[in-house]
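I have placed the structure first, in the form of structure tokens, so that the comments after it can refer back to it.
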Amino acid sequence: MTTTNCGCTLSCTGKSVIASLIIGVLAAFLRFTATITITPAFLWVLFGIAIGYLGITLLTSSDSCPDRNGCCRNLRTFLTGILGTVLTSLVLLGITFAATSVIGAIITGALLFFFALMITSSTCLINCRYNCD
């Protein structure tokens with residue numbers, strides 16, 4: 001294993017994936033039991049946030065991974081969260097599912113997994129970018 005500038009890059013990314021997975025599974029369960037519902041306005045907001053993050057990342061990408069010090073791993077996780085959020089929100093906007101649909105619950109869980117991954121991996125990316133311990 002390689003060491004990185006912040007020493008916590010691998011554990012931070014792993015923790016963000018685990019936390020996002022818990023959120024996604026919880027959201028899928030709550031959607032399947034019809035405890036929560038996802039409105040189109042919520043889907044558009046998540047879609048807009050992900051597109052905004054993608055645009056900001058594009059503008060700052062020349063500085064995001066200057067010396068290949070381990071921040072690129074966080075950047076890949078961050079981009080996975082962005083693209084997953086965009087794709088799953090588009091699927092949920094394009095196809096309506098019943099409140100207790102298993103497929104709808106799985107896709108909703110995936111949406112909230114990717115959104116949480118996007119948020120948590122952005123904090124990992126910031127920590128790595130600024131050489132935090």
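The numbers here are math on the coordinates, done by the rules we state, and not lab data. Note that the coordinates shown come from a computational prediction; the quantities given were computed from them, not determined experimentally. Counting neighbours? That spans all protein chains shown, and the Cβs are built from the backbone with ideal geometry, glycine included.
What the table below lists for this structure:
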quantity	calculated
Rounded FRET efficiency, nearest 0.05, which uses the C-beta distance separating Ile51 from Ala19 and R0 of 30 Å	0.80
Shape category assigned to region 26-119 from the gyration tensor of Cα positions, a/c cut at 1.5	prolate
Simple label model, 7 Å out from Cα along Cβ direction - Thr39 to Leu59, nm	2.9
Ranked packing of 91-99, 105-113, 28-36, 122-130, most packed first, by mean Cβ within 10 Å	105-113, 122-130, 28-36, 91-99
